[in-house]
1. Which of the residues that make up the range 59-76 are farther than 21 Å from ARG97 by Cα and of a type in the set (A, V, I, L, M)?
2. Pairs under 8 Å by beta carbon, first residue in contact (Cβ under 8 Å) with a residue 40 or more places away in the chain and basic (Lys, Arg) in the range 73-90, partner crowded, with 19+ Cβ neighbours inside 10 Å and not in a helix (DSSP H, G or I), six or more apart or different chains?
3. Can you find a residue that is closer than 24 Å to PRO155 by Cα and either in contact with a Ser or Thr (Cβ under 9 Å, 6 or more places away or on another chain) or among the aliphatic types (A, V, I, L, M) (or both) anywhere in the range 25-48?
4. Within the range 35-65, how many residues turn out to be of a type outside the set (A, V, I, L, M, F, W, C) and free of Cβ contacts under 8 Å to residues at least 24 places away in the same chain?
5. Which residues, taken from the range 181-209, are over 18 Å from HIS225 (Cα atoms), within 19 Å of the chain's Cα centre (by Cα) and charged (D, E, K, R)?
6. For the range 46-69, what are the residues that are of a type in the set (Val, Ile, Thr) and either over 15 Å from GLN351 (Cα atoms) or over 17 Å from the mean Cα position of the chain (by Cα) (or both)?
7. Of the residues VAL233, VAL283, VAL241, which is more than 19 Å from the chain's Cα centre (by Cα) and surrounded by 17 or more Cβ atoms within 10 Å (Cβ to Cβ)?
8. Tell me which of these LYS262 doesn't satisfy, since it passes every other one: (1) of a type in the set (Lys, Arg); (2) part of a helix (DSSP H, G or I); (3) under 17 Å from the mean Cα position of the chain (by Cα).
Amino acid sequence: MSKTPKELGYHFPAEWHKHTATWLSWPHKEASWPGKIHTVYGPYGKFIKAVSEGELVCINVAGAEMEAFAKEQLVKEGVDLSKIKFYHQSTNDAWCRDHGPAFLIRKDKSEAPIGGVGTDKVIVDWGYNAWGDKYPPYDLDDVIPTLIGEKYDIPVFHPGIVMEGGSVDFNGAGTILTTTACLLNKNRNPHLTKEQIEEYLKSYYGAEQILWLGDGIVGDDTDGHIDDITRFVNEDTVVTVVEENEADENYHLLQENLAELKKMRLLNGKPLNIIELPMPDPVIYDDQRLPASYANFYIANACVAVPTFRCEKDQIALDILTKCFPDRKVIGIDSTDVIWGLGSWHCLSQQEPAV
């Protein structure tokens, strides 16, 4: 296809847009949770139970054996298996936000499909290199979006550059938030300038404006994904994490991001409404600072699933996010073991919007 999704009238909607489903890839790579993968399945099942109460959950598994194991774990958490659909598509790892399909929908369904693409939904299959070739192999993950497009029999676009779902956040009204630390890192697309990357984002996500923050939080092996620091909660409001302890290594970088957010203007010229979220107490395991953040929540149809970390700030964060999402149940799900994999609920999931 010579035309881009934007030229054909498609865009990537905000996460709070109604979902048809949530996509996941079942956790199985022990090296992602060294010595602890068995501790992941309980909280992961709780996450799936919460999400599946409002939408279908589609899960990539390697085959019948992994599907049977997954069902066994989900039943333990009281998941209604009629809300779960398994796809036998092998993956290298579980981080579906980054290797999963980017679903775009047509903005104006009252018009006939543009350019001969006769569908209300398409997929963009960005290149995936496991966050700068850090964790090979990743060949199975890299083809997941195209496999799903084939199953759905819908068009799949291939921009030909590396891009991860956790590196971008959307307000659904033309604006994308991202970070220079990730998208301008030489381990992703060293041949592209900032302006060229912006053009790819606009063309393949159907956006008009890119807003750039700087660094991500300490311990984030993705080189600074936006979904650990700042998230849209409506078209003109973001929540952003701040660290109150000046001696903490996250303090200054998060203050710099806060200052940048205050300077930003949306397409209509208005400043962002900024709501501050606390950072949890440091989560350290095996002498490693983990990227624990309340910003890694997932907005589902019936709930907002928020990672919690067994500290007193959990409730403060849940109370703040409850005010941000009056139409959804805000649920804290213990992520203390899950974060040993260096990601949480948003990193593990990818939404499929309804048309």
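1. Within the range 59-76, ALA64, ALA68, VAL75 meet the criteria.
2. LYS85/ALA21; LYS85/VAL57; LYS85/CYS58; LYS85/ILE59
3. At the first step, the residues of the range 25-48 found to be closer than 24 Å to PRO155 by Cα are 25.
Okay, now just the ones that are also either in contact with a Ser or Thr (Cβ under 9 Å, 6 or more places away or on another chain) or among the aliphatic types (A, V, I, L, M) (or both), so 25.
Yes, the range 25-48 contains a residue that is closer than 24 Å to PRO155 by Cα and either in contact with a Ser or Thr (Cβ under 9 Å, 6 or more places away or on another chain) or among the aliphatic types (A, V, I, L, M) (or both).
4. To start, the set of residues in the range 35-65 that are of a type outside the set (A, V, I, L, M, F, W, C) comprises 35-36, 38-39, 41-46, 49, 52-55, 60, 63, 65.
In the following step, the residues that additionally are free of Cβ contacts under 8 Å to residues at least 24 places away in the same chain were identified as 35, 38, 65.
Residues in the range 35-65 being of a type outside the set (A, V, I, L, M, F, W, C) and free of Cβ contacts under 8 Å to residues at least 24 places away in the same chain: 3 in total.
5. Hit for the range 181-209 is LYS202, nothing else.
6. Initial filter on the range 46-69 (of a type in the set (Val, Ile, Thr)): 48, 51, 57, 59, 61.
Of everything in the range 46-69, just one residue is of a type in the set (Val, Ile, Thr) and either over 15 Å from GLN351 (Cα atoms) or over 17 Å from the mean Cα position of the chain (by Cα) (or both), namely VAL61.
7. Working: VAL233 fails: more than 19 Å from the chain's Cα centre (by Cα); VAL241 fails: more than 19 Å from the chain's Cα centre (by Cα).
Answer to the check: VAL283.
8. The failed condition is (3).
The values are calculated or read from the model by the stated rules, or taken from the named source; none is laboratory data. What you see is a predicted model; the values in this text were computed from it and never measured. Because the Cβ atoms are built from the backbone with ideal geometry, glycine has one as well, and the counts that use them run over all protein chains shown.
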